[in-house]
Amino acid sequence: MKLRHSYILLVVAGLLSVVNCRLSVAQTLVYLERADNLLFDQNILPDARIVVGNVLFRHDDALMYCDSANFYEASNSLEAFGHVKMVQGDTLTGYGDKLLYDGNTKLARLRHHVRLLHHQAELTTDSLNYNRIQDIAYYFSGGKIVDELNILTSRWGQYTPYNKRAAFRDSVHLINDRFTMDTDTLLYDTESHVAELVSPTNILYEKETTILSSSGLYNTRTEESQLFNRSQVIHSDGMFLTGDTIYYDKQQSFGRLYGNIELIDSTQQVTLRGNYGEMYEQGATADLHPDWGSHGFATREALLEHWGDSLHTYMHADTLFTEELALSDTLPKDSTFRRVRAHHNVRIYRDDMQGVCDSAVYLGNDSIGKMYGSPVCWNDNNQVSADSILVFFRNEEIDYAHGLGSAICIQQHDLIHYNQMSGKEIIAHVKDGDVYRIDVNGNAETVFFPVDETDHTLSGCNRTQSSFVKVYMNNRKVDHVLFTTATTGTMYPMDQVTDAVMHLGAFFWAEDERPHTPADVLLNVPRTNRPGKQTVSAAANDQPQHNKQPYD
């Protein structure tokens, strides 16, 4: 509304200056320049001269042609009929069947089959008033303005030739070769072809893209727009863009969003939020990424929500990317999948899993989530960490999580005691949202605190070393453990259990980092120190490239 009010104030100020300037000029007479016949009829029109045939009047720099007219010299006015033509200067020409003109007020009223031509713009209507002092033409019973790009129709309209601006109200409809626009009120510049949106407006591109906005600027020549007040850009493929402010370039298939943004992919059931983002439509970056379809990113409190039929997933990162990619050449060309990349300070919440890491990638073609940079995952009272973690999904639910390199799984027994398993890799199998088996492979080490079945107290601390271990869970507790035959270990009585005995070398407990609600993913929580130096073992080409621009 500020934009509209500013424009109205400017228009009013401009009109007042024009009015003051014009009114300061003394009134001038209307002159009859020529006519084939001049008549007087005191019975019918006692105050008028009746002129017929090739009639021409002049008033200042305006010329008025017609077939016949009634000329009232006393009131400095006239009524013109038949093939009426009004010419002002060398740029403005009006046509109609009838003209009522007052030389004192300089108001011309054209009626029936009216046309007003000014440079490349043509206004047509049935009734038009033109105030020569204010240089404003307006219609009130339906009209149309046509320029080299657009056709605009409305019930009420106004055109000011001196600045080539038009205003429309009531059932405004704009037709362009590539799009249509419908609104209740519209301001339009016939020279720059920029439309100013000041009321709820619907712009439709060939049934593939819709813009909804109540405030903004739209260049009908370049198809660039600046949209305000929570405008929307909607694509037929299910993409919705919303923001406090949107810059959208339809020809370049590109959008830039500011303030409380939302990028919604209804097909993939994903919503991307933040305070700044960019979206590229199919083919927008074909020179850089020929296999990419629509893609974009969000930053500044970026949040991704996957709202599928099963569990909702919430992911936060400094920057979140979503990209539609083509599958391999062995599959149909129209086969695509969605990739999500999260860069820096990643936090994830699901009812069945929570996680933190520095960066992450989700691949929709094989339903795998990859976590890098000191990743940690939690499920109930279980914590898994490694150099990298792969999470495999089936039907949108977690199937298993695979920790690679310096992997450790910790299960909290109480505030002091933790069951622990570490090795080169750990696989946590999940069913119905709960871990039911844990496989530890390669230099497996464990710490378990067996519970006395009689009094439910801790029997001691059991430390083991083996090549692999399988831990079976029941009701979210350790049920039984399978070791290799080469397993070695020691059972320590509880009175001999020290910190060095009860904790593996890779032990750390990062519960303070854990998101417990969807809102927690937006918290800035310091990372817990990890013991020793870890190296990322995943392939470099699977990891986000932090030192590159988003689409390099």
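Since every read-out is calculated from the coordinates, none of them should be taken as a lab result. Bear in mind that the values here come from a model prediction, so they are computed numbers and not experimental data. Glycine also receives a Cβ, built like all others from the backbone with ideal geometry; neighbour counts cover every protein chain displayed.
If the chain between L56 and T105 were fully stretched, how many nm would it gain, using 0.36 nm times the residue separation less the Cα-Cα distance? Each step should come with its number before you reach the end.
On the way: separation 49, 0.36 × 49 = 17.64 nm, distance 1.96 nm.
Going from the current span to full extension adds 15.7 nm.
What do the square roots of 5 times the Cα gyration tensor eigenvalues come to for the range 47-193, in whole Å, largest first, as semi-axes of the equivalent ellipsoid?
Numbers: eigenvalues 182, 37, 34 Å².
Result for the range 47-193: semi-axes of 30, 14, 13 Å.
What's the local net charge at R178, with K and R +1, D and E -1, over the other residues with C-beta under 12 Å away?
Details: positive: K207, R221, K250; negative: D177, E206, E208, E223.
Local net charge: -1.
For T487, T105, T201, what ranking results if the residue with the fewest other Cβ atoms within 10 Å of its Cβ goes first? Write down the numbers at each step before the final one.
Values: T487 16, T105 13, T201 24.
In increasing order of surrounding Cβ atoms, one gets T105, T487, T201.
Any idea what the alpha-carbon Rg over 2.2 N^0.38 Å comes to for the range 379-515?
Numbers: Rg = 14.6 Å, N = 137, 2.2 N^0.38 = 14.3 Å.
Computed over Cα atoms of the range 379-515, the ratio equals 1.02.
Compute the length gained on full extension between S171 and D36: take 0.36 nm times their separation in residues and subtract their Cα-Cα distance, giving the result in nm to one decimal. Spell out each step's value before the answer.
On the way: separation 135, 0.36 × 135 = 48.60 nm, distance 4.51 nm.
The S171-D36 span can extend by a further 44.1 nm.
If each residue's Cβ is checked for other Cβ atoms within 10 Å, how do K370, K85, K477 rank with the fewest at the top?
On the way: K370 22, K85 16, K477 11.
Least to most surrounded, the residues fall as K477, K85, K370.
Taking a 22 Å limit on the Cα-Cα distance, which of the listed pairs K106/K144; K424/K470; K164/K250 fall beyond it? Intermediate results must be reported in sequence, preceding the final value.
Details: K106/K144 24 Å; K424/K470 14 Å; K164/K250 25 Å.
From K106/K144; K424/K470; K164/K250, over 22 Å: K106/K144; K164/K250.
Debye sum, Cα scatterers, the chain, no solvent: what log₁₀ I/I(0) at q = 0.05, 0.07, 0.09 1/Å?
-0.41, -0.61, -0.78
Might you report the magnitude of the Cβ-based charge dipole of the range 379-515 about its Cα centre, with Lys and Arg at +1 and Asp and Glu at -1, to the nearest 20 debye? Kindly include the intermediate steps, with their values, before the conclusion.
Working: 9 positive and 20 negative charges, 91 e Å.
Here the range 379-515 has a charge dipole of around 440 debye.
For the residues E148, E79, what sequence is obtained by ranking on other C-beta atoms within 10 Å, fewest first?
Numbers: E148 10, E79 18.
Fewest-to-most Cβ neighbours within 10 Å comes out as E148, E79.
Determine the calculated [θ] at 222 nm for the chain from helices alone, applying -39500 (n - 2.57) to every DSSP H run no shorter than 4 residues and normalising by the residue count; nearest 500 deg cm²/dmol. Could you put the intermediate results ahead of the total?
Working: 2 runs with 26 residues, N = 552.
Counting only the DSSP helices, I get -1500 deg cm²/dmol.
Report the gain in length on full extension from I151 to E191: 0.36 nm times residue separation, minus Cα-Cα distance, nm rounded to one decimal.
Computed gain between I151 and E191 is 13.0 nm.
Calculated FRET efficiency, T498 and R527, Cβ-Cβ r, R0 30 Å, to nearest 0.05?
Details: r = 27 Å, r/R0 = 0.91.
Here the calculated transfer efficiency is 0.65.
Using the Cα atoms of the range 219-306 to build a convex hull, what is its mean projected area in square nanometres? Numbers along the way, then the final one.
Numbers: hull surface 23.0 nm².
Approximately 5.8 nm², given one-decimal rounding.
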